[in-house]
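Take a look at the structure set out below.
The values are calculated or read from the model by the stated rules, or taken from the named source; none is laboratory data. As the structure is a computational prediction, the values presented were derived from the model and not from experiment. Using ideal geometry, Cβ is built from the backbone for each residue, glycine included, and neighbour counts are taken over all protein chains shown.
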Ligand code: GLU
C-alpha cells in the first residue's frame with residue numbers, strides 16, 4: 001500500500017505478440033519500456049499477447065523470451081499469457097453490459113479487422129447500425145462498446161498532446177468478436193489494470209488505439225497510465241517494418257547486442273561508440289543510468305542495417 005504523499009511505484013511492461021521472431025521494432029519497445037521503468041526504480045512486466053490463435057506462430061513466444069533473457073532483460077513476476085485470461089475478459093464485458101455500455105452487433109463487415117490493433121487495418125467508422133438492437137439476421141453477434149461523441153485528449157510522453165473524437169474516427173468498437181475472441185483493445189486495458197501498470201511504452205503505430213483504451217479505462221473507472229509512443233521503424237521501402245521485410249531486421253543471437261546499441265541510438269541516447277561491442281547486459285546497465293526519454297524524437301526512421 002502506498003502511503004499518502006509518496007509517489008506510486010512505476011510499473012512498466014513489454015507486451016509482444018508472438019507472431020514471429022523479435023524484430024528491431026519490437027526490440028525498441030522492449031528496450032524503451034524497460035529503461036523507462038528502471039530509471040524510475042520501477043518494476044517491468046512481461047505479457048505475451050497470444051490472443052488471436054490464427055496469428056500466433058508456435059514457439060515464437062518462447063524464442064522471444066529466451067532472447068530477451070540472453071540479452072540481460074530481467075522481468076519481474078511471472079509472464080502473463082493473454083490466451084489464459086478469457087474468463088477475466090468475459091467478466092469485464094459483463095460488467096460493461098450491466099453498466100449498459102455495450103450492445104450486440106450482427107453486422108458482418110470486417111469486424112475482425114475492426115478489432116485489430118494496428119492502424120490501416122481498422123476499416124471504416126462504425127455507423128451505429130445495431131445500437132438499438134441487432135438488425136442483421138446472422139446469429140453470431142459481436143459485442144461493441146458504445147462510444148460518446150466527445151474528444152478524448154491526452155498528452156503522450158514523446159508525441160505531446162493528442163486528441164481524437166472516437167465517434168467520428170472509429171465509432172462503437174468491438175470488445176468481443178462474433179467468433180468469440182476478445183479484442184486487443186479490451187484485453188490490453190484489462191491486463192494493464194490487473195497488473196497495476198502505470199506506464200505504457202510501445203510503438204507509434206498504436207497511438208491511434210490509445211483513445212479507445214483511455215475511453216475503456218474511463219468506463220471501468222480506473223486511473224490512466226502514462227503513455228509513451230516510440231518512433232516508427234521503417235523498412236527500405238519507407239513502410240513500417242514488419243515480417244514482410246524479410247530476415248534483415250530480425251534480431252538473432254549473433255547481432256543482438258549490437259542491435260541494443262543501435263536501438264539506444266535510434267531512441268536518441270548518446271551511448272558511446274566504445275560500447276558498440278559491449279554485451280547486452282552492459283548496454284542495459286548504461287541505459288539504466290543514462291536513459292532520458294526527452295531525447296526521443298517523433299520522427300520515423302529507417303531500421304539500421306543489422
Ligand atoms: N502486442 C502489441 C504489439 O506487439 C503491443 C500492445 C501494447 O503494447 O499495447 O504490437
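For the range 220-235, a tally of residues being touching a strand residue (DSSP E or B) at 6+ places or on another chain (Cβ under 7 Å) and either away from the ligand (no atom under 13 Å from the Cβ) or within 20 Å of residue 191 (Cα to Cα) (or both) returns 7.
Given the condition touching a residue at least 40 places away in the same chain (Cβ under 8 Å), surrounded by 20 or more Cβ atoms within 10 Å (Cβ to Cβ) and closer than 19 Å to residue 65 by Cα, answer yes or no: does some residue in the range 262-270 qualify? Within the range 262-270 (the criterion being touching a residue at least 40 places away in the same chain (Cβ under 8 Å), surrounded by 20 or more Cβ atoms within 10 Å (Cβ to Cβ) and closer than 19 Å to residue 65 by Cα), the answer is yes, since at least one residue qualifies. The single residue among 204, 187 that is within 12 Å of the ligand (Cβ to nearest atom), touching a helix residue (DSSP H, G or I) at 6+ places or on another chain (Cβ under 6 Å) and at pLDDT 95 or above turns out to be 187. Does residue 280 meet the test of being buried (at least 16 other Cβ atoms within 10 Å of the Cβ), within 22 Å of the chain's Cα centre (by Cα) and under 28 Å from residue 63 (Cβ atoms)? Judged against the criteria, residue 280 is not a match.
Let's see how each residue does on (1) away from the ligand (no atom under 14 Å from the Cβ); (2) without any contact (Cβ under 8 Å) to a residue 40 or more places away in the chain; (3) assigned to a helix (DSSP H, G or I):
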{"residue": "20", "(1), (2), (3)": "no, no, no"}
{"residue": "28", "(1), (2), (3)": "no, no, yes"}
{"residue": "57", "(1), (2), (3)": "no, yes, no"}
{"residue": "73", "(1), (2), (3)": "yes, no, no"}
{"residue": "87", "(1), (2), (3)": "yes, yes, yes"}
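Between 283, 275, 216, 264, which is touching a helix residue (DSSP H, G or I) at 6+ places or on another chain (Cβ under 7 Å), within 13 Å of the ligand (Cβ to nearest atom) and not in a loop (DSSP other than H, G, I, E, B)? Exactly one of 283, 275, 216, 264 is touching a helix residue (DSSP H, G or I) at 6+ places or on another chain (Cβ under 7 Å), within 13 Å of the ligand (Cβ to nearest atom) and not in a loop (DSSP other than H, G, I, E, B), namely 216. Among residues of the range 42-55 being closer than 18 Å to residue 199 by Cβ and part of a strand (DSSP E or B), the one that is farthest from the ligand (Cβ to nearest atom) is 43.
Residues are listed down the side, and each one gets a yes or a no for (1) modelled with pLDDT of 95 or more; (2) within 16 Å of residue 170 (Cβ to Cβ):
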position	(1), (2)
84	yes, no
115	no, yes
123	no, yes
133	no, no
142	no, yes
147	yes, yes
154	yes, yes
